[in-house]
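**Student:** One structure, as structure tokens, below. Some questions next.
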Amino acid sequence: MSEAIIEIDNLTKVFYTDEIETHALSGIHLSIDRGEYVAMSGPSGCGKSTLLSIIGLLDTPTSGRYQLNGREVANLNFADRSRIRNQEIGFIFQSFNLIGDLTVEENVELPLTYRAGMPHAERKRRVLESLERVNMAHRMRHYPAQLSGGQQQRVAVARALAGSPSILLADEPTGNLDSKNGEAVMKLLQELHQEGATICMVTHDPRFAAHAERQIHLFDGKVVAEGELARLLADIQA
């Protein structure tokens, strides 16, 4: 029987600027099961990055319900959100977000240093294991500037894996890569999924969305069926 890691019900997000209301998300319903690989796609401004930020506890919804591993997390305080984010969620960003004056090893270890009570030896074991999984252990003493874009993204994946998260959130993970390195990162994510990782990825590229086992299409802050998305986009272009 499948087990839902993410359960979202009637989620909304409204931004207020100069008395103007922008409805980024309008009644989102979404469930992601343990071990599932989901891709979220849609046109620019449709709300997919906003939704990913809320799933990752980087932002809060205006209304609605969000449960992570069976726990209501939509309106936790800052400290609880930070702790759960550190323990439960692994982030892979488009721009890698590696710290330039830290080595590969130090970059991967950094989030683990915020884990209260984790021994130094355990941190080192996790760092080495995660770098080996992405074939970057041989570069652990190097700095980000000494790596290619594809290698930096592999290190970013290792950093996300080191914390043994419940879910990996990937926001346009191939956006800053050429097609060859992009395909290599997608192959890596597919291998991690086959090993049991739960992945939720935002991508604008239908070729990469096709790597996932389920695709979610957003349009104007709502989840729509694939056929409906194609019709709505055709109406815009008409």
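**Student:** For Ile5, which sequence-distant residues (separation of 5 or more, or a different chain) have an amide H within less than 5 Å of its own amide H, given hydrogens modelled in the peptide plane?
**Tutor:** Residues meeting the criterion, in which the H sits 1.01 Å from N, are Ile32, Asp33, Arg34.
**Student:** Can you list the lysines whose alpha carbon sits under 17 Å from that of Lys13, skipping same-chain ones fewer than 8 residues off?
**Tutor:** Lys48, Lys222
**Student:** Now, a different point. Pop out the carbon and sulfur fraction of the accessible area of the chain as a percent, whole number, probe 1.4 Å.
**Tutor:** Ligands and nucleic acids excluded, carbon and sulfur reach 49 percent.
**Student:** Also, quick follow-up: Explain nothing, just compute: Karplus ³J(HN,Hα) = 6.51 cos²θ - 1.76 cosθ + 1.60, θ = phi - 60°, for every residue of segment 210-218 in order, whole Hz, x for Gly and Pro.
**Tutor:** 5, 5, 6, 7, 9, 10, 10, 10, 10
**Student:** Roll a 1.4 Å probe over the protein chains and send me the accessible area per residue for segment 1-117 in Å².
**Tutor:** Accessible surface, normalised per residue, equals 49 Å².
**Student:** May I ask you to order 69-78, 161-170 by the average number of other C-beta atoms within 10 Å around their residues, highest value first?
**Tutor:** Highest-to-lowest ranking by the protection proxy: 161-170, 69-78.
**Student:** Ok, one more. State in Å² the accessible area per residue of segment 147-191; use a 1.4 Å probe, count heavy atoms of protein chains only, and round to the nearest integer.
**Tutor:** Computed with neighbouring chains in place, this is 32 Å² per residue.
**Student:** List the aspartates and glutamates whose Cα lies under 17 Å from the Cα of Lys187, skipping any in the same chain that are fewer than 8 positions away.
**Tutor:** The qualifying aspartates and glutamates are Glu36, Glu132, Asp171, Glu172, Asp178, Glu195, Asp205, Glu213.
**Student:** Now a separate question. Which of the following values of Cα extents along the principal axes in Å was calculated from the structure shown: (1) 50, 42, 39; (2) 53, 46, 41; (3) 58, 51, 36?
**Tutor:** Read-out from the structure maps to (2).
**Student:** What whole-number distance in Å separates the alpha-carbon centres of segment 1-51 and segment 65-122?
**Tutor:** 21
**Student:** Now, a different point. I want to check the label-to-label distance for Glu183 and Arg83. Put each point 7 Å from Cα in the C-beta direction and report it in nm to one decimal.
**Tutor:** 4.6
**Student:** Fully extended, how many nm does the chain gain between Ala121 and Ser63 (0.36 nm per residue separation, minus their Cα-Cα distance)?
**Tutor:** Separation in residues times 0.36 nm, less the Cα-Cα distance, equals 16.6 nm.
The values are calculated or read from the model by the stated rules, or taken from the named source; none is laboratory data. The structure presented is a predicted model; accordingly, all values stated were derived computationally and were not measured. For neighbour counting, all protein chains shown are included, and Cβ atoms are generated from backbone atoms with ideal geometry for every residue, glycine included. The protein model used for the area step is the full one, side chains on, heavy atoms only, and it has no ligands, DNA or RNA in it. Shrake-Rupley method; radii C 1.70, N 1.55, O 1.52, S 1.80 Å.
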